[in-house]
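Below: the structure, in structure tokens.
Derivation of every value follows stated rules applied to the coordinates shown; laboratory data play no part. Nothing here was measured: the structure is a model prediction, and the numbers come from that model. Cβ placement follows ideal geometry from the backbone for every residue including glycine, while neighbour counts extend to all protein chains displayed.
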Amino acid sequence: MKNMPILLKRETWEHPAFYVAPIVVLAIIILGALGGLVQGVGGTIGFNHLVTGLETVAAPARSGVIFATFLAIASTFQIVLVFVIFFYLLDALYSERKERHILFWKSMPVSDTETVISKVLTASFVIPLFFLVGVFVTKIVFLMITSVFIWIGGGSAIDLLWKPAPLFADFGVSIFYIIAAALWMLPFTGWLLLASSIAKKGRPFMWAVLLPIFISFLENIVFGTMRFLETIGTYLSTFFEKAFSGIDGHSNRININSIEDLNQINIDDFSLSSLIDPVAVISSPSLWIGMVIGVIFITAAIYLRRYRDDS
């Protein structure tokens, strides 16, 4: 695996979408935030409303409101991240055969195992890290722009925004999420790579998506059940139940009907680290079953890359 660093760099060089996509999302979010700050509520200028609103809310609750904003930012990045990873994996092994890049790389002292593993690591860790940086930069830019509006409105951005902003509070949670998701989603990563290695004539999407749908459709016709798709859905939902099982203990704490209710929120009460549960993830049989399936798919993708180049 001594070639792994250069292989990971290769993936980044060949796929500028890894860093372009976060930049585009950042620009869209900031433009949206600018529009919201300028228009305010009811189409009026939002400067005074922003300052008055923040001053009305108690400092601990202000942290909760800002964290909710950060969570919305991260969720937007997450949606785009899923699509970037999905299409990257579909193209990862198919494009190198289609464009004959595989002939060059097979002439290099790089094994098929190293190449395929580099694509797994890229999808599981490299791309999410680009998006994690994008989320953090977006937070900083958002705070800086909001600070300008607060100063124009006559408020103190330091007291109203920067001090209560939980800027690093969710960093550990984000790292845990990336690692846990990488392990849990390994069967999907492996399947998409396998579909990319099998596909011919530009049809990896058909293998990756339409084949499971066809299997489920056939199951429904023969047995009258949908257990195949239900199993996949249950597996996905189980990840969030296990990884963030601590949320259940906090889910009934928020009931906002007024400013008084909002002022009861304290981000410290939530102890973000207590919302995650690494032990529940590691001890889950679903994780290990999924990882075994993922390894089987990845091994099959390595085998196909080794003995087939469509030449």
*If you plug each phi of the range 211-217 into the Karplus form 6.51 cos²θ - 1.76 cosθ + 1.60 with θ = phi - 60°, what whole-Hz ³J(HN,Hα) values come out, in order, with x for Gly and Pro?*
4, x, 5, 5, 4, 5, 4
*Could you give the nm distance between label points at I79 and K200, where each point is 7 Å from its Cα heading toward the beta carbon?*
3.9 nm
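Mind ordering 277-286, 124-133 by average Cβ neighbours within 10 Å, highest first?
Going from most to least packed, we get 124-133, 277-286.
Ranked by Cβ crowding within 10 angstrom, fewest neighbours first, how are R227, R305, R97 ordered? Walk me through the numbers before you get to the answer.
Values: R227 12, R305 24, R97 20.
Result, fewest neighbours first: R227, R97, R305.
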*Hey, with R₀ at 25 Å, roughly what FRET efficiency would F87 and V148 work out to, going by the Cβ-Cβ distance, to 0.05?*
0.10
_Between L210 and E14, what is 0.36 nm times their sequence separation minus the Cα-Cα distance? Round to one decimal in nm._
67.8 nm
*So how much slack lies between S156 and V137, counting 0.36 nm per residue of separation and subtracting their Cα-Cα distance, in nm?*
4.6 nm
*Just grab the label-to-label distance for S283 and I179, each label 7 Å out from Cα along the Cβ direction, in nm (one decimal).*
1.8 nm
*Stretch gain in nm, segment S111-T299, where the contour uses 0.36 nm per residue and the Cα spacing is subtracted*: 66.4 nm
*Taking 7 Å along the Cα-to-C-beta vector as the label spot, tell me the T231-N3 distance in nanometres, rounded to one decimal.*
3.6 nm
*Quick one: order S174, S237 by neighbouring beta-carbon count within 10 Å, fewest to most.*
S237, S174
*How about the range 157-211: which chymotrypsin sites (Phe, Trp or Tyr not before Pro) there are in a DSSP loop, with at most 12 other Cβ atoms within 10 Å of their Cβ?*
F168
*asked:* Give me the net charge for the shell around V281: Cβ to Cβ below 12 angstrom, other residues only, Lys and Arg +1, Asp and Glu -1.
replied: -1
_Peptides ranked, highest mean first, by Cβ atoms within 10 Å: ranges 112-118, 89-95, 7-13_ = 89-95, 112-118, 7-13
